[in-house]
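All remarks here apply to the structure that follows.
The values are calculated or read from the model by the stated rules, or taken from the named source; none is laboratory data. This one's a predicted model, so the numbers in the text were calculated from it and none came from an experiment. As a convention, Cβ positions derive from the backbone with ideal geometry for all residues, glycine included, and neighbour counts pool all protein chains shown. For the accessible areas, the whole protein counts, side chains as well, though only heavy atoms, and no ligand, DNA or RNA atoms are used. Shrake-Rupley method; radii C 1.70, N 1.55, O 1.52, S 1.80 Å.
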Amino acid sequence: MTEQYRIEKDSMGELQVPCSALYAAQTQRAIDNFPISSLAMPASFIKTVALIKKAAALVNIGLGELDADKGQAIITAAEQIIAGQHAEQFPIDVFQTGSGTSTNMNVNEVLANLATAILGKAVSANDDVNMGQSSNDVIPTAIHVSAAIECRKTLLPGLTHLAETIEKKAASLDHITKTGRTHLMDAMPIRLSQELGGWALQIRNGIDRINASLPRIYKLAQGGTAVGTGINAHPEFAEKFAAALSAETGLPFKPNDSFFESLSCQDAAVELSGQLKVIAVSLMKIANDLRWMNSGPLAGLGEIELTALQPGSSIMPGKVNPVIPEATAMVAAQVIGNDATITIAGQSGSFQLNVMLPVIAYNMLQSIELLGNVSTLLADKAIAGFTVRQDNLQEALAKNPILVTALNPIIGYAKAAEVAKAAYKQGRPIIEVAAEMTDLSLTELEKLLEPAHLTQGGINE
């Protein structure tokens with residue numbers, strides 16, 4: 001079928017817009033100007049811009065700036081977008097004007113069209129929907145608000161669930177001792193609960209890092225308008241807007257101490273992204289530990305067995321791979337790359353405006369979503385269900401020559417090294433070799449070299 005068009009007009013003239021489109025001329029210009037990727041702004045970001053428009057309309061009605069009927073129509077229209085309706089009406093590429101003006105006007109035009117239909121008379125995208133606002137404060141505000149919402153909704157619950165799952169698993173494995181490893185080489189024994197406890201604290205620290213960054217994310221640009229001075233916004237708009245948004249979301253938003261800082265830089269977003277990167281690094285470490293521990297089942301470490309989730313090969317029957325840790329590692333790599341993009345974009349504040357806002361928004365929200373979702377999967381499909389191959393652990397532990405470290409205070413480092421080398425060369429348990437090469441009795445050695453006791457630290461005497 002041939003697409004039907006209507007003529008729309010803006011300050012630059014007329015152009016064709018599909019009859020089915022709820023947007024108007026400025027959105028169409030952006031569609032035409034930026035055929036760069038297949039990436040559109042995230043749905044969570046579009047919903048947040050609509051939420052900003054709803055809160056602005058409420059405030060402008062209350063301040064007597066906006067006709068109540070128009071304002072209510074805008075609010076009703078915004079609620080449709082927030083509910084996920086009309087998602088196809090926001091096709092503009094992420095790689096667009098650096099201020100995000102195209103996305104702001106896309107939302108303004110769709111809301112104006114919907115509000116006009118609701119009210120039965122014209123509602124202006126610029127004069128009514130965008131009243132008291134500029135793209136230059138709307139888009140930075142949307143970055144902060146959408147990030148805060150998605151951290152609360154997806155990231156922090158996912159990380160909390162992961163930490164709790166690791167802690168529960170650790171408690172169930174406290175009785176199991178294994179060979180520790182440094183440099184991938186045998187080291188002194190540890191309990192599995194100690195190993196997993198390290199993972200859990202990594203995740204708990206990640207949660208703390210996010211919560212420590214959010215207070216600066218809660219500070220909003222809205223009210224700064226074009227350059228930070230607040231031109232064309234009511235003097236009370238910023239405070240009332242932040243209060244309205246807090247009432248809508250339950251989050252403690254407030255106007256930033258300086259709108260010039262809000263518009264000219266994205267330091268708070270860069271900070272949050274940096275903490276997301278730390279979490280990605282933590283997840284990569286945990287995922288790789290799981291992969292090593294699961295390696296085998298015959299020629300690897302074979303310490304644990306992850307739950308079999310799917311066939312691992314199209315040619316090797318029976319092969320099963322650690323797919324969830326692999327997916328986690330790829331998420332971590334993506335988030336680390338996203339942070340590099342956000343870092344570069346964050347320094348692109350030229351005088352009164354950062355001009356890489358859309359790519360900051362896109363990468364930030366992707367990182368938050370990926371980390372939150374994969375944390376839940378890692379917890380439920382890898383850590384909660386893995387089993388321990390205790391026979392392999394005990395065999396390696398019995399032959400571990402590094403246990404001789406416990407004898408250092410008694411026989412000295414040099415003699416202990418001789419014992420360790422002999423045990424390794426002969427492939428015999430360290431306790432047997434130590435009984436032959438030292439004056440210690442077998443009873444004394446059994447006490448001194450008992451692996452579980454060695455996991456408690458201190459000095460053996």
Requested in this report: Tell me which residues, restricted to segment 176-189, are open to solvent by 50 Å² or more (accessible area, probe 1.4 Å) and either touching a residue at least 12 places away in the same chain (Cβ under 8 Å) or of a type in the set (A, V, I, L, M) (or both).
Outcome: Leu184, Met185, Asp186, Met188
Requested in this report: Determine whether Ala384 is closer than 30 Å to Lys47 by Cα, out of contact with any Asp or Glu (no Cβ under 9 Å at 6 or more places or on another chain) and at pLDDT 95 or above.
Outcome: no
Query raised in the report: Which pairs do you get when a residue that is free of Cβ contacts under 8 Å to residues at least 60 places away in the same chain, found in segment 414-443, comes within reach of a residue that is acidic (Asp, Glu) and open to solvent by 20 Å² or more (accessible area, probe 1.4 Å), reach meaning Cβ atoms under 7 angstrom, with the pair 6+ apart or on two chains?
Result: Ile431/Glu446; Met437/Glu418
Report summary line: Given (1) surrounded by fewer than 18 Cβ atoms within 10 Å (Cβ to Cβ); (2) among the charged types (D, E, K, R); (3) under 31 Å from the mean Cα position of the chain (by Cα), Lys47 misses just (1)
**Report entry** Criterion violated by Leu365 - all others in (1) at pLDDT 95 or above; (2) out of contact with any Lys or Arg (no Cβ under 8 Å at 6 or more places or on another chain); (3) open to solvent by 20 Å² or more (accessible area, probe 1.4 Å); (4) not hydroxyl-bearing (Ser, Thr, Tyr) satisfied
**Finding:** (3)
Query raised in the report: Is it the case that Asp32 is touching a residue at least 40 places away in the same chain (Cβ under 8 Å) and open to solvent by 80 Å² or more (accessible area, probe 1.4 Å)?
Result: no
**Report entry** Members of segment 268-294 found to be touching a Gly at 6+ places or on another chain (Cβ under 7 Å) and of a type outside the set (A, V, I, L, M, F, W, C), listed by number
**Finding:** Ser282
